[in-house]
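Visitor: Starting off with a structure, shown below.
Here, each number is a calculation from the coordinates, and none is a lab measurement. Not measured: the values here are computed from a predicted model. Note that we place each Cβ from the backbone using ideal geometry, even for glycine, and neighbour counts take in every protein chain shown.
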Amino acid sequence: MSASYDILIKQAKLRQNPQTMVEIGIKDGKISGIETTLNASAPLELDAKGNLVTESFVNAHLHLCKVYTLQMMDEAALKDYHGADMGKAMTAIELAARVKDQYDESWIIENVRKAIAQAAIYGCTHVRAFADVDSKAKMEGIKALIRAREEFKGIVDIQVVAFAQDGVVREPGSVELMKQAMDLGADIAGGIPWIEYTDADIAEHVRFIFDLAVKYNKDVSMLVDDAGDAGLRSLEVMALEVIKRGWQGRALAHHARAMAFYAKPYFQKVSALLKKANMGVVSDPHTGPLHARVRELLDEGNLVCLGQDDISDAYYPYGRNNMLEVAFLGSHTLWFTTSSDMEHLYDMVTTKAAQCMGLKDYGLKVGATANLVVLNQPSVLEALRFHEAPQFTISHGKLVDVNKMKPLAFPA
């Protein structure tokens, strides 16, 4: 029998048809065959042992420049961010900014490598990663993330977000710094409009970020309404700007925690605007007491995914870039516990997250780029229960060398 494929996965179970075992053939980086029997061989054959094979995991939201910085500061920001109704969220952001006085690419890159190597081990092949850009952080985070993007190319794809964490109007010099970050090679224009002091400034923040996106032909990510204030409306402002600019399908909203307090008629309006803007929402319900109304958004046909958000920083003490773990936590925080709920959770860390990030050629189908995980469990329920690293991760058609990743992910 001749070698027809580069990689052949045998005894695989698919989510769509768990009763039938299949074989998956991979050649030249693509999924070339999915059949009960492919009648072929390959130099690398992987036995799934009757367990699930799915698309690889996708993390649409990670503050990568801040990973493992919690130990560099006190817990004042953590306490405020996790306070009742998140009423002191803005104070928490201001407190968290103190760590940026120490920002330097030389130590940031070491933390970044640790977090991205963990992503590879846990089967996450795509990350949208935020780097603060302001008078304190300057270009140090951006430089570290761009460096990591090149180092992990083909293993974990990193979309680098130039992120105006401390505002645009309220932060002197941020406009020029954001332009500089885009010139350095950032992939996404990122904002946080709700942090500005007035509605007019919020609108100006949104306009500026979209001006950047249009000028550099980039997608947009914005952290919106990340506090317990029903009066926050930056999600609506963002959606309207998407529609005005014709940027449908190229913008992503993150958090939207104030949505928890929206009156039903206003929520319905926002839902309709999101659909008209073809804009997804990333929710991170494990990192704050409030979260977007995920179930209602899904019921209305909106695009929603889950993100890691933070790893051991001023806002969240845990995390290991394990999206199955994020989905497991989401099952509790969102009360998604039925079998259909679990399927939604799995979608929100795979296919829906990929859609939110605008990934092309992604999916478990013939012709798609081979970004796959071979799990240790036969069902989504068991995968969520154990949320452990997969048996194998295939990124861009190649088997990820976990032994190479482990020293980076878990340094001695």
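Visitor: Which whole-number percent of Cα pairs in the range 212-251 have a distance greater than 11 Å?
Guide: 67
Visitor: Which value, to two decimals, describes the C-alpha radius of gyration of the range 344-412 once divided by 2.2 N^0.38 Å? Write out the running numbers ahead of the final one.
Guide: Values: Rg = 13.6 Å, N = 69, 2.2 N^0.38 = 11.0 Å.
It is 1.24.
Visitor: If each residue's Cβ is checked for other Cβ atoms within 10 Å, how do TRP247, TRP107, TRP194 rank with the fewest at the top?
Guide: Starting with the residue having the fewest Cβ neighbours, the order is TRP107, TRP247, TRP194.
Visitor: Mind listing P(r) for the range 183-314? All alpha-carbon pairs, 10 Å bins, whole percents.
Guide: For the range 183-314, the pair-distance distribution reads 13, 46, 34, 6, 0.
Visitor: If you don't mind, there's one more thing I want to ask. When you count, for each residue, the other Cβ atoms within 10 Å and take the mean per peptide, how do 335-346, 274-285, 227-238 rank with the highest first?
Guide: Ranking, from highest mean packing down: 274-285, 227-238, 335-346.
Visitor: Counting Lys and Arg as +1 and Asp and Glu as -1, what is the net charge of the other residues whose Cβ lies under 14 Å from the Cβ of SER32?
Guide: Charge balance in the 14 Å sphere: -2.
Visitor: Also: So for the chain, what are the equivalent ellipsoid semi-axes in whole Å, largest first, each being the square root of 5 times an eigenvalue of the Cα gyration tensor?
Guide: After diagonalising the Cα gyration tensor, the semi-axes are 35, 23, 20 Å.
Visitor: For HIS291, what residues show an amide H to amide H distance below 5 Å, using hydrogens built from the backbone and excluding near sequence neighbours?
Guide: For HIS291, the qualifying residues are ALA260.
Visitor: A further question on this structure: Order these by the 10 Å Cβ neighbour count, fewest first: ARG385, ARG257.
Guide: Listed from fewest to most nearby Cβ atoms, that is ARG385, ARG257.
Visitor: Taking neighbour Cβ counts within 10 Å as the exposure measure, how do PHE57, PHE261, PHE386 sort from fewest upward? Let's see the in-between values first.
Guide: Numbers: PHE57 28, PHE261 18, PHE386 14.
Ascending Cβ contact count within 10 Å gives the list PHE386, PHE261, PHE57.
Visitor: Additional query: Across the range 100-110, in residue order, what do the Karplus-derived ³J(HN,Hα) couplings come to in whole Hz, using 6.51 cos²θ - 1.76 cosθ + 1.60 with θ = phi - 60° and x for Gly and Pro?
Guide: With coefficients 6.51, -1.76 and 1.60, one gets 6, 5, 9, 4, 7, 3, 4, 9, 4, 4, 5 Hz.
Visitor: Using the Karplus curve 6.51 cos²θ - 1.76 cosθ + 1.60 with θ = phi - 60°, what ³J(HN,Hα) values do you get for each residue of the range 307-321, in whole Hz, with x for Gly and Pro?
Guide: Once rounded to whole Hz, the list reads x, 6, 6, 9, 9, 6, 10, 5, 10, 7, x, 10, x, 8, 6.
Visitor: Still on this model: For the chain, modelled as a Gaussian network with Cα springs under 10 Å, which listed residue fluctuates most, LEU62, LEU334, LEU290?
Guide: LEU334
Visitor: Could I ask something else about it? Can you list the residues, at least 5 places off or on another chain, whose amide H is less than 5 Å from the amide H of SER41, using H built in the peptide plane?
Guide: Those qualifying (amide H under 5 Å, at least 5 residues apart or on another chain) are SER4, TYR5.
Visitor: May I ask which of LYS10/LYS30; LYS10/LYS398; LYS49/LYS360 have a Cα-Cα span longer than 19 Å here?
Guide: LYS49/LYS360
Visitor: Show the residues, 5+ positions off or on another chain, whose built amide H is closer than 5 Å to the amide H of SER221.
Guide: It is ALA189, GLY190, GLY191, LEU252, by chain and number.
Visitor: Same structure, new question: Express in nm, to one decimal, how much length is gained between VAL175 and LYS79 on full extension, taking 0.36 nm for each residue of separation and deducting their alpha carbon distance.
Guide: Extra length available between VAL175 and LYS79 comes to 31.5 nm.
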